[in-house]
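Engineer: Below is one structure. I have some questions about it.
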Amino acid sequence: MKAMTLQKWILSISLFFLSLAFGLFISSQTLASSMEERYMKKRQHMIQLIEQDVHQTSQYLDTEALDTKVLKAIATVPRHKFVTPDTIEQAYHNNPLPIGYGQTISQPYIVAIMTDLLKLTANDTVLEIGTGSGYQAAVLSELVHRVYSIEIIAPLGEQAELRFRELGYTNITTKIGDGYYGWQEQAPFDAIIVTAAASHIPHALIEQLKPGGKMIIPVGGNFTTQQLLLITKQPDGQLQTQQILPVRFVPLTGEH
Amino acid sequence: MQLKPPLLSLSLISATALAYEILLMRLFSIIQWHHFAYMIISLALLGYGISGTLVSLLQDTLKRYFHIAYPLFLFLFSVSSVSCFFTAQNIPFNPEAILWDTQQVWYLLSLFLLLSLPFLLVASAICLVFLCYPEQIAKIYAADLLGAGGGSIGIIILLFYFFPVTTLLVISLGGLIATLIALLEITPKDKTKSVSFFIVLTGLIFVLTVQNQPLKISPYKDEAKVLNISGTRIIEQQSSPLGLLSIVESVLVPFRHAPGLSLYNSQEPPEQLGLFSDASNMTAITRFPDKLEKLSYLDQVTSALPYHLKNIHHLLIIGAGGGSDILQAMFHKTEQIDAVELNPKIIELLTNQFAQYSGNIYSHDNVHIYSGDIRAFLSRSKMKKKDKLNSHYDLIQISLMDSFNASASGLYALNESYLYTTEALQLYLQHLNQNGYLAISRWVKTPPRDAIKMLATAVQALENLAIKDIADHIVLIRGWQTSTLLVKKSPFNSLEIKQLKHFSQTRGFDVAWYPGIKAGEANQVNRFREAYFYQAASAILSDSKNPSSNLPKKQFLHNYKYYVYPASDDKPFFHHFFKWSTFSELLSLRNQGGLVLVEMGYVVLLVTLALAIFSSIILVMLPLLVFHFRAKTKVEFSLPVKKRLKLFLYFFFIGLAFLLIEIAMMQKFILFLHHPIYAIPVVLSAFMIFAGLGSAGTTGLFSRLSQRQLLLIAILSIAFIGICYSMFLSSLFAVIAAYPIYLKILISLTLIAPLALFMGMPFPIALSRLGPGKRTYIPWAWGINGCASVISAVLASLLAIHFGFTLVILTAVVLYIFCLLIFISDEESKVV
């Protein structure tokens, strides 16, 4: 009798824990999927904001709207996975955010514009100097064949690589080191994006850009982008640059 | 209560508090940015205003326990001066994020509250002495000012010999010594004394334990970011009142600092060391290469242009810094190089520890380095060669001395700069030979600002020198990052223009202006949406034959969305570009990144003013509210509204006026004494010490006169001297500019003495009149004066930006006259 009761007890306790574990598993799955859904909604909202801003700025960016592929890429990349845990709730705000080591993840609007200005196609190979959180590389990877990214701050580079592996970005290759000489083994590139602060543009990067290729460099403070520099390498090797202001603002009023 | 007020401890604590104020500014400029340091410290000084409120409310208790409260306040100041700073530096305040992160507002508020605590304690102690010894107000005020005067000299000396953190310890110890003196001065001789000594000893141990912490520099400052890269470390640090210099070595990833480089440059800069000033504003010290050809990259920047137009034999470099301009000149085989550097510590580094590394460039046979201000240097050389006016330079080169980020976000708006004013440019031009160039390089910003303002300033300088056909005397080129403006006393000839075109073409630079330029030539390589630089230049230079009636120029300057009118010695704010109309437009574009284009320095100034006014209203009104209720039971709290208003206006205006004159005069004397290291301690201490003597004089020397007569004499003298100085000081300074520095300091003291002497009188005269029955209002008046001082300091900058320093002095004179009228009307109605 006693043994029976004990067995019963054990059985019922095991059953209890089993069902508890099952319940927890199911609810965590539901929670995760509902969280994912929530983030997706936030992402959609962010896309709307970007579209609105671009529309207002269009005449200054020489484009009516962003390439739908760029917007789709931004709508796909889970930005909340690229920010630090304490800023996760602000991941889909149209703001830059700190990622540690004095570095930041750019405002989504600026990421969208920079990506769009490169006029990428599916077969392109892109070099990024300054991986940071890896968000920009992830957006690029949705659009092109391969992305190569170099980060100078070791812990940031390692974190980004881990993120790419976890999220399955297999077409991104990273390395930690000095971006001054570009990535000679993988050159030439169809596009280069330089997000790391530099006092000048290294010659190696210009060399590694294909004729007809484009290079973009955001210029500004730690969190904010004052202007974008777009360099186009003409088929004859000549360089032409454009200073782009990501704001609908003209300094001259045209009255003179 | 003792009969004698504790004047010695009061003097010492005033000295300590003033030194602490200047030191905090230094510390926050290192860990944060200069303009936010300015904002935080200005607001923290509201501690003086808070003290008025606090003592007003608790005056009965504080008076009763004066012998405990007074030394306790000094002791707590001493302890909190250290602990508040170290707590404050751990608050992760990030000014850039304030635009979108509301948490930053709370951080800012906590910074303000924390840092105002030490000032609150000191000010309460001083206020308490006024309250307890109302018969000796003039003496107390004199001791307060004399102490502060001593403190302003002391802190500059301390900052020369100690690092800022060590200086903090010295200040805190100063506070503890003041506490000890206070105990000796006021505590009756009994056994409590040993207890007090024990307390002070505890304080000493506490301070010594707390102070041993490193500075926590914001992770977003350049130096902190660089130190995240493996293989970097600080190898040398030098501190002076001008800033903290750090030399950083990077063994794995070279610095390669060379802003403005052409995209076609293929020469990598040689090995470098990073030279940071206050953890930002990076420049480089370049290892002197074995072959000069390795410096060829310095020929691929816009500032190399003049070397291609003609042979440069004699060059003057303004702002030698790490020496890249000297290297550039050496590469171009310049025969004689004169270089001026303001910061003596930079020269020290390059002639001592890093002399070998940098190839001893400062000690080369053909290089002459001068430590000091450029305008002093030119005035001095003018005296040496009076007949020839020393007009012999082939080139005067002004380097890029500010970093792009600080410059682009408008953070320098508050900084006066006598380097880029019309008068300065005239002086430079006078020291060129007839075919010499003045070359000024600036950052290219989108939309352009600096280069255009520089152009407008140069045009004004040429006009003032009565040069005709100005458009023929100017060329302007730009790369994607920097622009270089060349100004000449004679017209540019066709050969020079040919060379200019070749130089720009081979390096991928754009020409924005040269005599005879066609619209189609501009904005070709590095394109803006429109040819902004060319449009600006052609508008400003459109009718250079008749510049005074140049309508397109007037229209352009008026319509341009940034403030690009020339800077002058009276309004020396070259970095001020803010326009209200633009601000509202950019505000509406905030979601598209519009706020990035707002000149933040000016906004910080406005926000500081708004916060100071808002807090002051609360601080002034709060005691009144309590007085209102207490007046029902205690007769000494009652005072008719009209009388309260007069009392408020008098002390408010006195507070405003004193600081307005002091700040404006400081600016005038910085220009005269040239070097802020001399000017600030000389002017500040002279004002404080002579005002202190003036205050003492109200009961001593002038005691035979009635208070009304005395005030009449004081204010009319201030008005007379103030007006005279605002009219004639600049001309006087121009005449005696070439005198040796010791004579200039002596002249400055002689000029400040009479003005300050009279300025020290109105406050104690009126405070002493709050005689029996109205003494309860002493702390209130003290608090009003404290609030007014904070508002005044910010207001002085704002007024000067818009109307010039002369108007600041005149405003102060008007305020003083108002005070006189209030006093007289008050006396007639027997109010105060």
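Engineer: Could you calculate the FRET efficiency of B:ILE741 with B:LEU252 from 1/(1 + (r/R0)^6), where r is the beta carbon distance between them and R0 is 30 Å, rounded to 0.05? Please report the intermediate quantities before stating the final value.
Structural biologist: On the way: r = 46 Å, r/R0 = 1.52.
Result of the calculation: an efficiency of 0.05.
Engineer: How many nm separate the modelled label positions at B:GLU335 and A:GLU37, each set 7 Å beyond the Cα in the direction of the Cβ?
Structural biologist: About 8.5 nm, to one decimal.
Engineer: Considering only DSSP beta bridges whose two residues both sit in the protein assembly as shown, what percent are antiparallel, to the nearest 5? Working shown, then result.
Structural biologist: Values: 49 of 88 bridges.
Within the protein assembly as shown, antiparallel bridges account for around 55 percent of the total.
Engineer: What pairs in B:LYS291/B:LYS498; B:LYS553/B:LYS579; A:LYS69/B:LYS445 have C-alpha atoms more than 21 Å from each other?
Structural biologist: Pairs exceeding 21 Å: B:LYS291/B:LYS498; A:LYS69/B:LYS445.
Engineer: A further question on this structure: Taking 0.36 nm per residue of separation and subtracting the Cα-Cα distance, what length does fully extending A:ASN171 through A:PHE17 add?
Structural biologist: 51.2 nm is the gain from fully extending A:ASN171 to A:PHE17.
Engineer: Moving to a separate point now. If you average the C-alpha positions of the range B:599-623 and of the range B:117-144 separately, how far apart do those two centres end up, in angstrom?
Structural biologist: So the separation of the two Cα centres works out to 25 Å.
Engineer: Right, another one. Of B:LYS310/B:LYS518; A:LYS119/A:LYS214; B:LYS453/B:LYS518; A:LYS41/A:LYS72; B:LYS310/B:LYS468; A:LYS214/B:LYS294, which ones are farther than 19 Å apart at the Cα?
Structural biologist: B:LYS310/B:LYS518; B:LYS453/B:LYS518; B:LYS310/B:LYS468; A:LYS214/B:LYS294
Engineer: In addition: Under a cut-off of 18 Å between alpha-carbon atoms, report the aspartates and glutamates in cross-link reach of A:LYS175, not counting same-chain residues fewer than 8 places apart.
Structural biologist: Reachable aspartates and glutamates: A:GLU128, A:GLU151, A:GLU158, A:GLU161, A:GLU166, A:GLU185.
Engineer: Between the range A:132-181 and the range B:1-48, what is the separation of their alpha carbon centroids in Å?
Structural biologist: Their Cα centres are 49 Å away from one another.
Engineer: Can you work out the FRET efficiency for the pair B:VAL195 and B:CYS724, with r the C-beta to C-beta distance and R0 = 35 Å, to the nearest 0.05?
Structural biologist: Between B:VAL195 and B:CYS724 the formula returns 0.05.
Engineer: Within the set of other residues whose C-beta is less than 10 Å from the C-beta of A:ILE172, count the net charge using Lys and Arg as +1 and Asp and Glu as -1. Walk me through the numbers before you get to the answer.
Structural biologist: Details: positive: A:ARG146, A:ARG163, A:ARG165; negative: A:GLU128, A:GLU161.
Summing Lys and Arg as +1 and Asp and Glu as -1 gives +1.
Engineer: Also: Under the rule of at least 5 residues apart or a separate chain, name every residue whose amide H is placed under 5 Å from the amide H of B:ILE317.
Structural biologist: Result for B:ILE317 returns B:ASP338, B:ALA339, B:VAL340, B:GLN397.
Engineer: Now a separate question. For the range B:88-221, what does the relative contact order come out to in percent, with C-alpha contacts under 8 Å and a separation of six or more? Before the final figure, lay out each step's value.
Structural biologist: Values: 44 pairs, mean separation 32.8, N = 134.
So the answer I get is 24 percent.
Engineer: Can you give me the long-range amide H partners of B:TYR437? Hydrogens built in the peptide plane at 1.01 Å from N, cutoff under 5 Å, separation of 5 or more residues or another chain.
Structural biologist: The answer is B:LEU395, B:ILE396.
Engineer: On a full-extension model of 0.36 nm per residue, what is the gain between B:VAL603 and B:GLU236, subtracting their alpha-carbon distance, rounded to one decimal in nm?
Structural biologist: Result: 128.6 nm gained on full extension.
Engineer: For B:ALA284, enumerate residues with amide H under 5 Å from its amide H, sequence gap 5+ or separate chain, H modeled in the peptide plane.
Structural biologist: Hits under the 5 Å cutoff: B:LEU275, B:GLY322.
Engineer: Report, to two decimal places, the Cα Rg of chain B normalised by 2.2 N^0.38 Å (N = number of residues). Spell out each step's value before the answer.
Structural biologist: Values: Rg = 28.6 Å, N = 832, 2.2 N^0.38 = 28.3 Å.
Rounded to two decimals, the normalised Rg is 1.01.
Engineer: Still on this structure, please answer the following. How high is the relative contact order of chain A, in percent, counting Cα pairs under 8 Å that sit 6 or more residues apart?
Structural biologist: Relative CO of chain A lands at 15 percent.
Engineer: Next up: Net charge within 13 Å of B:ARG644 by Cβ-Cβ distance, Lys/Arg positive one each and Asp/Glu negative one each, not counting B:ARG644 itself? Before the final figure, lay out each step's value.
Structural biologist: Numbers: positive: B:LYS642, B:LYS643, B:LYS646, B:LYS774; negative: B:ASP826.
Its environment carries a net charge of +3.
Engineer: Contact order normalised by length for chain B, with contacts defined as Cα pairs under 8 Å and 6 or more residues apart; what percent is it?
Structural biologist: For chain B, the relative contact order is 15 percent.
Engineer: R0 = 35 Å: FRET efficiency of B:PHE160 with B:ASN360, Cβ-based, nearest 0.05?
Structural biologist: Calculated transfer efficiency: 0.85.
Engineer: Please give the length that would be gained between B:LEU712 and B:GLU530 if that part of the chain were fully extended, namely 0.36 nm times their separation in residues minus their C-alpha to C-alpha distance (nm, one decimal).
Structural biologist: Between B:LEU712 and B:GLU530, full extension yields an extra 59.4 nm.
Engineer: OK, next. Cβ under 12 Å from A:LEU140's Cβ, A:LEU140 left aside: what net charge do those residues give with Lys, Arg +1 and Asp, Glu -1?
Structural biologist: On the way: positive: A:LYS69, A:ARG146; negative: A:ASP116, A:ASP124, A:GLU128, A:GLU142, A:ASP190.
Within the 12 Å Cβ shell, the charges total -3.
Values quoted throughout were computed directly from the atomic coordinates according to the rules given, and no laboratory measurement underlies them. Since the model is a prediction, treat every value here as computed from it, not as a measurement. Cβ coordinates were reconstructed from backbone atoms using ideal geometry, including for glycine residues, and neighbour counts include every protein chain displayed.
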